[in-house]
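Working notes, structure below.
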């Protein structure tokens, strides 16, 4: 089976693990990584040889037609983030043939992007969910009236709560797959035993001075973080603190080479680090979800550099409120609030249910599960 993963702005080395591309190839599938950034804008950072070997860059509209003409007559499975399906509507109009199938996914849920439904919208959702026997997808044409959106054949979502209403109006109910998030994919795949020989803290780095270049003073920020991590290591009686580097740190190695010199740094195995940690330190990383899944104490960090950016300050506050987490000001490093710290198990369970996993029947990579389901349907 030919499987085409579609990328626009973000094309990272981490996608190799997220999609378990090696395993798909070992199973005999032909993998194509369709890089559309030259058509739609973006900054792909991958330098992984395996991914580059499978990458196909499209730089023009004619390139889309040429790519389509190069495909076999047999069905092709396209896989794309749902957030692309509006922007890529015209692209998929060109690419997808009658025999092909498109799988859309919406799996990167987080508490600071979630908007709780209420009123008429909440009533309507409950009504639709309670009338599963009705073919709501037959309203597709009505829903698409005055909307630019390419309708997928299958829709994969991390949890039922995170599933957008539009999925019910555009996709057959049996083709809506509620599985789990990318982070849970990593957790399910990791069968290692927790190593409790050392007391370890993990800091989830987000390269914020680079992400907000010109708005955060790098030297001031990294000095504060490093000073605070040293303080936390001593206060919490930890043997060491490991910095779990952001996937995009690979693209800015030179800028980061002199940062965190006194700490161990690790990349690409955040789930394993968190699984073995005694404490997790973060600002507002979505990887906090893995700490929540593993029931790890999480301590949020903030300072005046971060307070100046409204999005960051709001995101930290939302994590604090929803998970009942302590926040340490890196400006004064008062750790007294951490004495007798306990996690709120109810808040943690609620987070997992809403954003990570509410289906415990599937214990494999969610993309692979969906691909096998599509292949099975194509054979019928």
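Readers should treat all values here as calculations from the given coordinates under stated rules, not as data from a laboratory. On a predicted model such as this, the values are computed, not experimentally measured, just so you know. Methodologically, a virtual Cβ is constructed for each residue, glycine included, from the backbone with ideal geometry; neighbour enumeration extends over all protein chains shown.
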Average Cα contact separation per residue, the stretch 169-268, under 8 Å, 6 or more apart, as relative contact order %: 29 percent
Cα-based helix-to-principal-axis angle, 366-379 vs the chain, degrees rounded to 10: 10 degrees
log₁₀ of I(q)/I(0) at q = 0.14 Å⁻¹ - the stretch 56-179, Debye sum with one point per alpha carbon: -0.69
Kirkwood-type radius of the stretch 1-63, with distances r between different C-alpha atoms, in Å: 12.0 Å
Three-way shape call for the stretch 55-96 based on the alpha-carbon gyration tensor, with the a/c threshold at 1.5: oblate
Tilt relative to the chain, helix 119-129 - C-alpha long axis, 0 to 90 degrees, to 10: 60 degrees
For the stretch 1-133, diffusion coefficient by Stokes-Einstein and Kirkwood Rh (Cα), 4 °C, 1.567 mPa s, µm²/s: 77 µm²/s
Nearest 10 degrees, 0 to 90: helix 218-235 Cα axis against the chain principal axis: 70 degrees
Semi-axis lengths (Å, descending) of the ellipsoid that matches the C-alpha gyration tensor of the stretch 192-355: 22, 19, 16
Estimated FRET transfer efficiency when R0 is 41 angstrom, pair residue 49-residue 360 (beta carbons, to 0.05): 0.65
Whether the stretch 246-343 is rounded, prolate or oblate, judged on the alpha carbon gyration tensor where a/c under 1.5 counts as rounded: oblate
Rg(Cα)/(2.2 N^0.38 Å) for the stretch 272-314, N = residue count: 1.27
Square roots of five times the Cα gyration tensor eigenvalues for the stretch 115-250, Å: 44, 21, 15
Order of 76, 202 - criterion: other Cβ atoms within 10 Å of each residue's Cβ, fewest first: 76, 202
Span from the the stretch 29-87 Cα centroid across to the the stretch 236-253 one, whole angstrom: 31 Å
Order of 330, 341 under a 10 Å beta carbon neighbour criterion, fewest first: 341, 330
Residue exposure sequence - 6, 157 - by fewest surrounding Cβ within 10 Å: 6, 157
Computed over the stretch 1-149: relative contact order in percent, which uses C-alpha pairs under 8 Å that are six or more apart: 22 percent
The chain - Rg over Rh from alpha carbon coordinates, Kirkwood radius: 0.98
Cα centroid separation, the stretch 257-325 to the stretch 114-152 (Å): 35 Å
